[in-house]
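Peer 1: This structure is in C-alpha cells; I'll ask about it shortly.
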Amino acid sequence: MLPTAVAATLVVTAAGITMAQTAAGEQRTTRAAATVLDLDATQVVAVREAQAAEVATTVEIAERRQAAVLQTSAVKGRVEAKQRAARVAARKAAEEKKRQAAEKKRKARVAAARAKAERASHRWVRAIRTGLLTSDFGPRWGKTHDGLDIGASTGTPLYAMSKGTVILSDEVFSFGNKVEIRYWDGTVSWYGHLSRRDVRTGDTVMPGDQVGLVGNTGHSFGSHLHLEIHPTGGDNPVDPAPWLRQRGIMVG
Ligand SMILES: [Zn+2]
C-alpha cells in the first residue's frame with residue numbers, strides 16, 4: 001500500500017475491468033472470483049485510458065456493425081427492387097406479346113373479311129332476271145346493232161351487273177332513259193329505253209343493285225332492254241352474248 005491521497009482498487013473479473021475508488025487505508029475485501037490490485041495515481045490514469053480505449057473500441061465496433069447492417073439492408077433493398085423491376089418487366093413483356101398476337105389475329109380477320117367482301121363485290125350478276133332475246137348484236141336494217149335486245153314487260157327491274165360507278169343516268173335521244181355503269185374492271189354497260197331510272201350519275205352500285213325498270217322510251221318498238229357492253233370503256237361495243245356467257249350471266 002503506497003501513501004497516496006487517493007488510491008484505487010482495480011477489480012479484474014471475467015466480464016471485464018471495473019474500478020472502484022476507495023479512500024486510503026480503507027479495509028478491502030478480497031473476493032474469490034476477482035483479483036484486487038492496489039494502484040497508484042499513474043496506474044489509475046493508465047487504467048482509465050485503457051478503459052476509455054476499450055469503450056471507444058466497443059463503440060467503434062458497434063458503429064461498424066450498425067453500418068454493416070445498414071449496408072446489408074440497403075444491398076438487400078436494391079436486390080429486391082431489381083427483382084421487382086424484373087418481374088414487372090417480364091409481366092409487361094408477356095402482356096405485350098399477348099396484345100401483339102391478338103392484334104395479328106384481328107388484322108388477319110379484317111383482311112379476310114375485306115377479301116371476302118371484295119370477291120363478293122367483284123362477282124357478276126344478271127342485268128335482268130328473265131327476258132327473251134329478241135335481237136342479236138350485228139348488222140340490222142343496213143347498220144350495226146351495237147347490243148342485245150331483251151324483251152320484257154315494262155316495270156321489270158334492271159340490276160347493276162357488278163360493283164361499279166354510274167357514269168351516266170339521263171334521257172338520251174334514241175336511247176330514251178339511259179344508264180351507263182363503269183364496273184371495277186373498266187367495262188362499261190349501257191342500258192337503254194328504261195321506263196324509270198333509279199340511280200344518279202356518280203352513284204356507286206354493288207352487284208344486283210336495282211338501277212331502273214324496263215320500258216319503251218326513245219327509239220323503241222315494244223318494251224325491252226337494249227344492252228351494250230364496252231370493255232375498254234370508250235364507245236367500242238362488242239357482242240354482249242359471249243361476254244355475258246363468260247361470266248355466267250347470259251339472259252335468254
Ligand atoms: Zn337494241
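Rule-based calculations on the coordinates, nothing more; no lab input. It should be emphasised that the depicted structure is a prediction, and the values quoted were computed from it without experimental measurement. Positions of Cβ are backbone-derived with ideal geometry, glycine not excepted, and every protein chain shown enters the neighbour counts.
Peer 1: For the stretch 165-252, which trypsin sites (Lys or Arg not before Pro) pass both filters: DSSP loop (anything but H, G, I, E, B) and at most 12 other C-beta atoms within 10 Å?
Peer 2: Numbers: sites: 178, 182, 196, 197, 200, 245, 247; in loops: 200, 247.
Listed in order of number, the matching sites are 200.
Peer 1: Next up: What full-extension length gain, to one decimal in nm, is calculated for residue 92 and residue 58 as 0.36 nm per residue of separation minus the Cα-Cα distance?
Peer 2: Working: separation 34, 0.36 × 34 = 12.24 nm, distance 5.03 nm.
So the extension gain works out to 7.2 nm.
Peer 1: Among 208, 77, 192, whose mean-square fluctuation peaks in a Gaussian network model of the chain (Cα, cutoff 10 Å)?
Peer 2: Looking only at 208, 77, 192, the largest GNM fluctuation is found for 77.
Peer 1: Would you please classify the overall shape of the stretch 151-252 from the alpha carbon gyration tensor, given that a ≥ b ≥ c denote the square roots of the eigenvalues, rounded means a/c under 1.5, and beyond that prolate means a/b larger than b/c while oblate covers the rest? If you can, show how the numbers build up before the last one.
Peer 2: Details: a/c = 1.42, a/b = 1.23, b/c = 1.15.
The shape class here is rounded.
Peer 1: Further question on the same structure: Using the Karplus equation 6.51 cos²θ - 1.76 cosθ + 1.60 (θ = phi - 60°), what ³J(HN,Hα) coupling, rounded to whole Hz, does each residue of the stretch 43-50 give in order, writing x for Gly and Pro?
Peer 2: 5, 4, 4, 4, 5, 4, 4, 4
Peer 1: Need the list of aspartates and glutamates near residue 163 for cross-linking: C-alpha distance under 18 angstrom, and skip anything on the same chain fewer than eight residues off.
Peer 2: 118, 180, 185, 198, 203, 209, 228
Peer 1: Please identify, among 70, 148, 213, the residue showing maximal mean-square fluctuation in a Gaussian network model of the chain using a 10 angstrom Cα cutoff.
Peer 2: With Cα springs under 10 Å in the chain, the top fluctuation among 70, 148, 213 is at 70.
Peer 1: Quick query: amide H of residue 212 versus all other amide H atoms, modeled in the peptide plane; which residues come in under 5 Å with a sequence gap of 5 or more or a different chain?
Peer 2: Correct list: 158, 198.
Peer 1: In addition: List the trypsin sites (Lys or Arg not before Pro) within the stretch 91-161 that DSSP assigns to loop and that have no more than 14 neighbouring Cβ atoms inside 10 Å.
Peer 2: On the way: sites: 91, 92, 97, 98, 99, 104, 105, 106, 107, 109, 114, 116, 119, 123, 126, 129, 140, 143; in loops: 123, 126, 129.
Passing sites in the stretch 91-161 are 129.
Peer 1: Straight-line reach from residue 107: which lysines have a Cα under 24 Å away, not including same-chain ones fewer than 8 places off?
Peer 2: List returned: 92, 97, 98, 116.
Peer 1: Loop only by DSSP, 13 or fewer other Cβ within 10 Å of the Cβ. Give me the chymotrypsin sites (Phe, Trp or Tyr not before Pro) in the stretch 167-208 that pass, ordered by residue number. Show your work: numbers first, answer last.
Peer 2: Working: sites: 173, 175, 183, 184, 190, 191; in loops: 173, 175, 184.
The qualifying sites are 173, 184.
Peer 1: Moving on to the next point. Pairs of alpha-carbon atoms within less than 8 angstrom and 6+ residues apart define the contacts here; what relative contact order does the chain have, in percent? All intermediate terms of the calculation are to be shown ahead of the outcome.
Peer 2: Values: 439 pairs, mean separation 37.7, N = 252.
The value is 15 percent.
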